[in-house]
Amino acid sequence: MTTMTIDPQVRARNGSPDKLRTAIGSAVGTTIENYDFLAYGTAAALYFNTVFFHAEDPVVGVLLGFATFGIGFAMRPLGGVIGGYLGDRIGRKPVLVGALLLMGISTVLIGILPTYEQVGLLAPILLVLIRVIQGIAFGAEWGGAILMTFEHAPWKQRGKYTAIPQAGVPLGLLLANLVFLWSTNLDNELAWRLPFLLSSVLIIAGLIIRAKVSESPEFIDTKTAGLVVKNPLKEVFKNDWRTILRVIALRLAESGGFYVIVTYMLSYLTTGDDPITDRATALTGLVTAAAIGLFTTILFGALSDRVGRRPMYFFGTILLIAFAFPMFLLVNTGLPYLIVFVYIIAMSIIHDSLAGTQGAWFSELFSTNIRSSGASIGYQFSAAISGFIPLIATAVAVPLGWGGVAWVYLGCGLLGLIGTLLTRETWGPKDRARVDEIIAQA
């Protein structure tokens with residue numbers, strides 16, 4: 001438990017006075033970030049193949065839409081490097097505010113972009129440029145939000161507290177898809193523009209809340225003690241590169257599996273000459289699972305405080321592997337209730353058990369003065385890979401059908417399981433007992 005505090009006993013027992021406000025403020029921001037980013041994934045699956053890419057073959061159009069979706073992810077490591085470096089050098093809070101502002105502006109711009117019919121090739125070029133900016137902003141976001149929450153939280157409840165901003169993923173997904181579910185009733189281009197334009201309301205609310213969040217007490221302690229590292233990137237790559245690789249593997253199980261379900265599955269169910277189901281049914285499954293995820297993400301985070309981080313990840317990755325083929329067999333029936341069931345299992349149980357555990361585990365793997373860089377780089381480099389999962393899945397499905405996509409999903413689970421086996425437990429019985437002793441001395 002590497003931490004820097006003036007009164008470690010009090011900090012261990014109670015956390016900072018701003019712990020709850022920080023968690024909520026971080027969650028609001030991650031909700032907005034995920035709303036913005038995931039709205040693009042939904043639009044790419046449902047609309048962008050015709051709006052920005054005029055391909056005669058609809059599969060080619062979807063591939064091009066997912067390619068631009070992946071470009072945003074390819075830029076996330078750069079955002080993670082920039083945000084992580086600044087978070088370790090100047091503080092967590094400035095990164096939070098700046099990333100949110102940049103993400104919000106770029107998302108609103110998507111909502112006013114001209115289409116291919118209006119300006120030709122300029123339309124997809126502008127879309128790609130904005131997507132690059134989105135990726136950088138989103139890459140800088142996660143580390144700041146999670147670490148601020150982690151470093152404000154009581155030591156015995158860090159799993160639960162860091163799961164609160166992680167719940168911004170299902171909440172952002174819920175809001176984005178509720179808007180798209182509503183907008184499918186519109187018969188004009190507002191069906192895809194409005195979800196991006198409405199982001200402006202969330203941005204204003206998020207900036208107001210985040211401006212009131214105090215800086216991380218552990219960063220302040222580190223700065224006061226003169227222990228801020230001059231070049232945290234150099235330090236983390238020199239001393240913790242193996243840990244970064246482990247984080248990448250762990251994260252691929254969660255994020256790779258997530259985008260098979262959230263992005264590829266939506267396209268699989270609703271496109272083609274004979275779609276399995278309509279958009280409303282598929283989006284209902286997404287919305288239902290996302291709503292449940294608001295609670296299950298925090299529940300799994302709190303459970304990791306009781307049983308440890310590794311057991312939770314074992315549970316999630318093994319279930320992910322086991323569900324790879326059954327989920328396609330279930331959705332292929334075309335029965336709405338089974339489609340919704342698949343979304344609930346894949347997202348509310350499998351995904352959320354991993355996402356709810358990540359915030360605390362990844363943070364605990366790095367020391368305070370390089371924590372922002374280490375956790376952000378590992379997390380976002382994995383995102384750069386997983387962002388191309390929908391593209392890979394679509395390409396694999398052409399020769400192999402849904403079975404090929406099931407193998408992609410299963411492969412993500414295997415990587416996560418290997419990462420779990422190779423990563424040390426940071427909150428095992430001895431760690432919990434040591435913290436109990438510190439608290440008892442308070």
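What is the distance, in nm, between label points placed 7 Å from the Cα along the Cα-to-Cβ direction at Asp273 and at Asp436?
For the pair Asp273/Asp436, the computed spacing is 6.6 nm.
Report the full-extension gain for the segment Ile90 to Ala205: residue separation times 0.36 nm, less the Cα-Cα distance, to one decimal in nm.
Net length gain for the segment: 39.0 nm.
Each residue of region 139-156 in turn: what ³J(HN,Hα) in whole Hz from Karplus with 6.51, -1.76, 1.60 and θ = phi - 60°, glycine and Pro shown as x?
Per-residue couplings from phi come out as x, 7, 6, 4, x, x, 5, 5, 5, 4, 5, 4, 7, 8, 7, x, 4, 7 Hz.
Calculate, for Ile112 and Val10, the FRET efficiency according to 1/(1 + (r/R0)^6) with r their C-beta to C-beta distance and R0 45 Å; round to the nearest 0.05.
0.35
Only four residue types carry charge here, +1 at the Cβ of Lys and Arg and -1 at the Cβ of Asp and Glu. Report the dipole size of the chain about the Cα centre in Debye, rounded to the nearest 20.
For this selection, approximately 1560 debye.
Ignoring trypsin sites (Lys or Arg not before Pro) that are buried or in helix or strand per DSSP, and keeping those with at most 12 other beta carbon atoms within 10 Å, what is the longest stretch of the chain between them?
Formally, the longest exposed-site-free interval is 1-211.
May I ask for the net charge around Glu254, where only other residues with Cβ less than 14 Å from the Cβ of Glu254 are counted and Lys, Arg are +1 while Asp, Glu are -1?
Taking every Cβ under 14 Å from that of Glu254, the sum is +2.
Multiplying the sequence separation of Ser214 and Trp182 by 0.36 nm and subtracting their Cα-Cα distance, what value in nm do you get?
Contour length minus the Cα-Cα distance gives 7.8 nm.
Output the pairs from Lys19/Lys234; Lys156/Lys223; Lys160/Lys212; Lys19/Lys223; Lys19/Lys230; Lys93/Lys234 with a Cα-Cα distance over 26 Å in this structure; if there are none, say none.
Correct reply: Lys19/Lys234; Lys19/Lys230.
Please report the net charge: other residues with Cβ closer than 11 Å to the Cβ of Lys160, K and R +1, D and E -1.
Here the charged neighbours net out to +3.
In nm, give the distance between the simple-model label positions of Phe314 and Thr50, each being 7 Å from the Cα along the Cα-to-Cβ direction.
5.0 nm
Compute the angle between helix 309-331 and the longest alpha-carbon principal axis of the chain, please, reported from 0 to 90 degrees and rounded to the nearest 10.
10 degrees
Which GluC sites (Glu not before Pro) in region 119-220 pass both tests, a DSSP loop state and at most 14 other beta-carbon atoms within 10 Å?
Counting only loop positions with at most 14 other Cβ atoms within 10 Å, the GluC sites (Glu not before Pro) in region 119-220 are Glu189.
Output the 0 to 90 degree angle, nearest 10, between the alpha-carbon long axis of helix 352-364 and the longest principal axis computed from the alpha carbons of the chain.
Once rounded, the angle reads 40 degrees.
How tilted is helix 168-183 with respect to the longest principal axis of the chain? Cα atoms for both, answer in degrees (0 to 90, nearest 10).
20 degrees
Identify which of the listed values of volume of the Cα convex hull per residue in Å³ was calculated from the structure shown: (1) 173; (2) 121; (3) 161.
Only one listed value fits the structure, namely (2).
Just to confirm, what accessible area per residue do you get for the chain at 1.4 Å probe, in whole Å²?
37 Å²
Roughly speaking, to the nearest percent, how much of region 149-253's 1.4 Å accessible area is carbon and sulfur?
Accessible surface attributable to carbon and sulfur in region 149-253 totals 64 percent.
Rounded to the nearest 0.05, what FRET efficiency is calculated for Leu330 and Leu421 with R0 set to 30 Å and r the Cβ-Cβ distance?
Result of the calculation: an efficiency of 0.55.
Pick from Val179, Val81, Val28: which is most flexible by mean-square fluctuation in a GNM of the chain where alpha carbon atoms under 10 Å apart are linked?
Fluctuation is largest for Val179.
Can you work out ³J(HN,Hα) from phi for every residue in region 237-242, in order, using Karplus 6.51 cos²θ - 1.76 cosθ + 1.60 and θ = phi - 60°, giving whole Hz and x for Gly and Pro?
Values per residue, Gly and Pro as x: 6, 6, 9, 10, 5, 5 Hz.
Whenever you get a sec, compute what percent of the accessible area on region 9-55 sits on carbon and sulfur atoms (1.4 Å probe).
Carbon and sulfur: 58 percent of the exposed surface of region 9-55.
Please give the length that would be gained between Arg306 and Val119 if that part of the chain were fully extended, namely 0.36 nm times their separation in residues minus their C-alpha to C-alpha distance (nm, one decimal).
Contour length minus Cα-Cα distance gives 61.7 nm.
Which ³J(HN,Hα) values, rounded to whole Hz and listed in residue order, are derived for region 205-211 from phi using the Karplus coefficients 6.51, -1.76 and 1.60 in 6.51 cos²θ - 1.76 cosθ + 1.60 with θ = phi - 60°, glycine and proline given as x?
4, x, 5, 5, 5, 5, 5
The values are calculated or read from the model by the stated rules, or taken from the named source; none is laboratory data. Nothing here was measured: the structure is a model prediction, and the numbers come from that model. Glycine also receives a Cβ, built like all others from the backbone with ideal geometry; neighbour counts cover every protein chain displayed. Note: areas computed on protein heavy atoms with side chains; ligands, DNA, RNA excluded. Shrake-Rupley method; radii C 1.70, N 1.55, O 1.52, S 1.80 Å.
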